[in-house]
Amino acid sequence: MAGVVERRSIDVVPDAERYGTAFSQFTLWLGANLQITAVVTGALAVVFGAQAFWAILGLLIGNLLGGAVMALHSAQGPRLGLPQMISSRAQFGVRGAAVPLALVIVMYIGFFASGSVLAGQAVGELTHLGETPGIVLFAVITAVAAAVGYRVIHALGRIAGLVCAITFVYLGIRLLQRAELTDLLADRTFSFPLFLLAVSLAASWQLAFGPYVADYSRYLPRSTSARATFWWTLGGSALGSQWSMTFGALAAAAAGSGFVGNEVGYVVGLGGTGLIVSFLYFVIALGKLTINVLNTYGGFMSVVTGVSGFRGQQRLGPRARACYIAGIMIAGTAVALIGKDSFLTSFKDFLLFLLTAFTPWSAINLVDYYVIAKERYDLPALSDPHGRYGAWRWKALTVYAVGLVAQFPFLATHFYTGPLVEPLGGADISWLVGLAVPAVLYWLVTRKDTGHIPERTILAVPAPESADRQETAQPAG
């Protein structure tokens, strides 16, 4: 068991402990996206008024655009060997990174809760315990798997990817036995705001993975091709999510009002009766277990990252790790139990709210890593508030704030609609603004501020007898 339970937390993964190939990112993200919440996300585009044909096309565009941004984050993992949010200290400062981290933690708790609602329905039916006990039982299993760590997460991804892929093929066939595909796609009435809603739903789904995607590529050997990591990550995530979301859009179009409020029941009802129903409930729970373990693990890493910026802590013992994970589980379960009766509307607004928080962070992180620093970071300094990155980097924090504020006039949610939404026909383009404005602004204010950037990536603290830090033999860029 000692070889299975992960020893690392937010510290650098040494080269001697690296293993695997970039293909592991495909199986992980395929399994993470072939699941019921992605189905619901795809269905939302139709539930809120889009025709199935345009909803599916919009979802595809969103998955590709958002997935490309997410995969660029994934490519940082093998190079740095660090969790994603630790690397953002290079932009925001060792302590300043806690600002976007606070929103990241809210994201993890929210996705844990939303996943637990749907999985809890499945577990409750499978065990005959009911929805509320099902939610609690599912949350406990999730926390245990997250506590074991990296190896079990990838194993879950491989198993869930295979099982869920076979199941979705079967469910797709059953759906098309109930409704003709040509009939579902026949209405081509186009509404630009609804089309853009579909794009935004899928893009937000993908962009929300950005703050933790490198957590699962950081164990790959440093020699792993960044291009291979990018394409395998994008391929698994875009294929899995588009597959699930297309099924959801078609299911919502076929079911009409019968889908809303009965998402799990409708999907399971497609399968038949008897043992098949039990198996489908198990598959739904398995798919949600994969992604909820990612959310729990990512939440744990984010909390530790935020705390360690002020305490200087880099490694955790098993007891502290278990306490952090239990805290994420308790908070997420509480939210799930409170919000389970108004899930669809709340989840749509939650996704769009998350998009406003993470697009500026993604833009700043990617511009700094690929354009300003050109992949050259001082890894020990990421834990030193008195080092080259400092405690707070106010330029990045200011740009992040501007990026947040710039989106609000274009934001359309249930609880807030910006003044520029109506002139655009109701379309929400806040995520495009949230990517473009901070990316350009951060480049403008930091392109000449490069004194803190090392000539090469620095991997280790210098030995006492040496005045020079160990640096990689890799060329810059």
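The values are calculated or read from the model by the stated rules, or taken from the named source; none is laboratory data. The model shown is predicted, which means the values in this text are computed figures rather than measured ones. Ideal geometry is used to build each Cβ from the backbone, glycine not excepted, and the neighbour counts take in all protein chains shown. Ligands, DNA and RNA are stripped out before the accessible areas are found, and what is left, the full protein with its side chains, is counted by its heavy atoms. Shrake-Rupley method; radii C 1.70, N 1.55, O 1.52, S 1.80 Å.
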Relative frequency of Cα-Cα separations exceeding 23 Å in segment 174-311, percent: 53
Mean Cβ neighbour count within 10 Å, used as a protection proxy, ranking 363-375, 287-299 highest first: 287-299, 363-375
Accessible area per residue in Å² at 1.4 Å probe, computed on segment 24-178: 28
Rule-of-thumb Rg ratio for the chain [Cα; 2.2 N^0.38 Å; N residues]: 0.96
Overall Cα dimensions of segment 10-143, principal axis frame, Å, largest first: 46, 39, 33
By average C-beta atoms within 10 angstrom, highest first, the peptides 104-112, 449-457: 104-112, 449-457
Theoretical FRET efficiency, 1/(1+(r/R0)^6), r = Cβ-Cβ of Val402 and Ser223, R0 35 Å, to 0.05: 0.35
HN-Hα J in Hz across segment 438-454 - Karplus 6.51, -1.76, 1.60, θ = phi - 60°, x for Gly and Pro: x, 4, 5, 5, 5, 4, 5, 8, 10, 4, 9, 9, 10, x, 8, 8, x
Extension reserve of the Arg188-Arg456 stretch, reckoned as 0.36 nm per residue once the Cα distance is removed: 91.1 nm
Simple label model, 7 Å out from Cα along Cβ direction - Tyr416 to Ala436, nm: 2.1
The chain, accessible surface, carbon-and-sulfur percent (1.4 angstrom probe): 67
Calculated Rg and Dmax of segment 14-75 using C-alpha coordinates, Å: 15.7, 53
Nearest-20 debye value, the chain charge dipole, Cβ charges on Lys, Arg, Asp, Glu: 920
